[in-house]
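Visitor: Mind looking over this structure? Questions follow.
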Amino acid sequence: MSKNIVILISGGGSNMAAIVRAARQQDWAGRHGIRVAAVLSNRQDAAGLAFAREQGIATEVLDHKTYPSREAFDAALAQAIVAHDPALVVLAGFMRILTPAFVERFAGRLLNIHPSLLPAFTGLDTHQRAIDAGCRFAGCTVHEVTAELDVGPILDQAVVPVLPGDTAQALAVRVLTQEHVIYPRAVLAHLLRNQ
Ligand code: GRF
């Protein structure tokens with residue numbers, strides 16, 4: 001049975017890189033037969049694509065702007081993903097809302113990371129909203145993707161303090177460091193649990 005991971009990115013791809021590094025350092029391939037088979041992006045300029053290529057991972061860009069509808073884009077994206085026979089599809093800063101049909105197709109093998117302690121602060125601008133709300137703690141959540149945005153079974157979380165005088169940017173850096181810890185861990189745990 002396949003233990004391929006397909007990772008979807010739209011930007012810097014630091015979470016994708018953290019997963020790729022963990023896979024290499026912990027020898028996921030040798031120990032578990034798990035490998036990152038492909039990195040797909042909806043943006044040609046996603047910085048993470050260069051890292052993936054350097055690592056010898058297959059990459060592909062599907063520009064959502066060239067498709068007539070969200071459904072058409074998601075159908076093409078699903079086809080590109082399926083070509084890599086994935087056991088797990090990992091959203092890592094993939095800034096597209098997915099159609100119910102797409103989510104349904106990959107149900108149970110679609111993960112996301114969100115930069116808040118869900119169920120608090122779904123959606124965008126999570127760090128500023130946590131600061132504005134006076135939260136003493138913030139964090140990040142790995143969850144299974146279901147039809148509703150940023151909802152779905154929670155698989156792992158990490159907590160960081162909100163410090164006096166924090167800016168959204170400073171808090172984002174502190175949270176991102178923890179994202180890089182919990183996402184590889186959650187990906188491996190999910191694959192081992194479902195093998
Ligand atoms: C992360 O904060 C992630 O939680 C959010 O988008 C950001 C992506 O960062 N969904 P990167 O592309 O993984 O560096």
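The values are calculated or read from the model by the stated rules, or taken from the named source; none is laboratory data. These numbers were taken from a predicted model, which means no experiment stands behind them. Counting neighbours? That spans all protein chains shown, and the Cβs are built from the backbone with ideal geometry, glycine included. SASA here: full protein model, heavy atoms, side chains in, ligands and nucleic acids out. Shrake-Rupley method; radii C 1.70, N 1.55, O 1.52, S 1.80 Å.
Visitor: What is the one condition in (1) within 14 Å of the ligand (Cβ to nearest atom); (2) in contact (Cβ under 8 Å) with a residue 24 or more places away in the chain; (3) farther than 17 Å from LEU111 by Cβ that VAL159 does not satisfy?
Guide: With (1) within 14 Å of the ligand (Cβ to nearest atom); (2) in contact (Cβ under 8 Å) with a residue 24 or more places away in the chain; (3) farther than 17 Å from LEU111 by Cβ applied to VAL159, the lone miss is (1).
Visitor: For segment 98-127, which positions are assigned to a helix (DSSP H, G or I) and surrounded by fewer than 20 Cβ atoms within 10 Å (Cβ to Cβ)?
Guide: Result: PRO100, ALA101, VAL103, GLU104, ARG105.
Visitor: Of the residues that sit in segment 134-150 and are under 15 Å from GLY108 (Cβ atoms) and among the aliphatic types (A, V, I, L, M), which one is surrounded by the most Cβ atoms within 10 Å (Cβ to Cβ)?
Guide: Only one residue fits best here, namely VAL142.
Visitor: Could you list, ordered by first residue, the pairs with Cβ atoms under 8 Å in which the first is in segment 111-130 and over 18 Å from LEU98 (Cβ atoms) and within 11 Å of the ligand (Cβ to nearest atom) and the second is in a loop (DSSP other than H, G, I, E, B) and β-branched (Val, Ile, Thr), at least 6 apart or interchain?
Guide: Here the result reads SER116/THR122, each pair linking segment 111-130 to a residue that is in a loop (DSSP other than H, G, I, E, B) and β-branched (Val, Ile, Thr).
Visitor: Still on this structure, please answer the following. Please specify each residue of segment 75-120 satisfying the condition of being β-branched (Val, Ile, Thr) and more than 21 Å from ASN15 (Cβ to Cβ).
Guide: Hits for segment 75-120 are VAL82, THR99.
Visitor: Select the helices (runs of 4 or more DSSP H) contained entirely in segment 1-97, then report the ones holding at least 3 residues which are of a type outside the set (Asp, Glu), in contact with a helix residue (DSSP H, G or I) (Cβ under 8 Å, 6 or more places away or on another chain) and farther than 17 Å from HIS180 by Cα.
Guide: 70-82
Visitor: Let me ask another. As an exercise: evaluate LEU155 against (1) open to solvent by 40 Å² or more (accessible area, probe 1.4 Å); (2) over 21 Å from ALA17 (Cβ atoms); (3) not in a loop (DSSP other than H, G, I, E, B) and give the number of the one condition it does not meet.
Guide: Single failed check for LEU155: (2).
Visitor: To continue, here is another question. Name every residue in segment 57-95 that is within 16 Å of the chain's Cα centre (by Cα), buried (at least 17 other Cβ atoms within 10 Å of the Cβ), at negative phi and within 16 Å of the ligand (Cβ to nearest atom), in order of residue number.
Guide: Once the filter is applied, which keeps residues that are within 16 Å of the chain's Cα centre (by Cα), buried (at least 17 other Cβ atoms within 10 Å of the Cβ), at negative phi and within 16 Å of the ligand (Cβ to nearest atom), segment 57-95 yields THR59, VAL89, VAL90, LEU91, ALA92, PHE94.
Visitor: Something else now. How do the pairs read when you match residues in segment 27-54 that are under 22 Å from ALA75 (Cα atoms) and touching a residue at least 40 places away in the same chain (Cβ under 8 Å) with residues anywhere that are surrounded by fewer than 17 Cβ atoms within 10 Å (Cβ to Cβ) and small (Gly, Ala, Ser), using Cβ under 6 Å and keeping only pairs 6 or more apart or on different chains?
Guide: Going by the 6 Å Cβ cut-off, the qualifying pairs are ALA38/ALA58; LEU40/ALA80.
Visitor: Right, ARG129: farther than 25 Å from ILE5 by Cβ and either basic (Lys, Arg) or modelled with pLDDT under 95 (or both) or not?
Guide: yes
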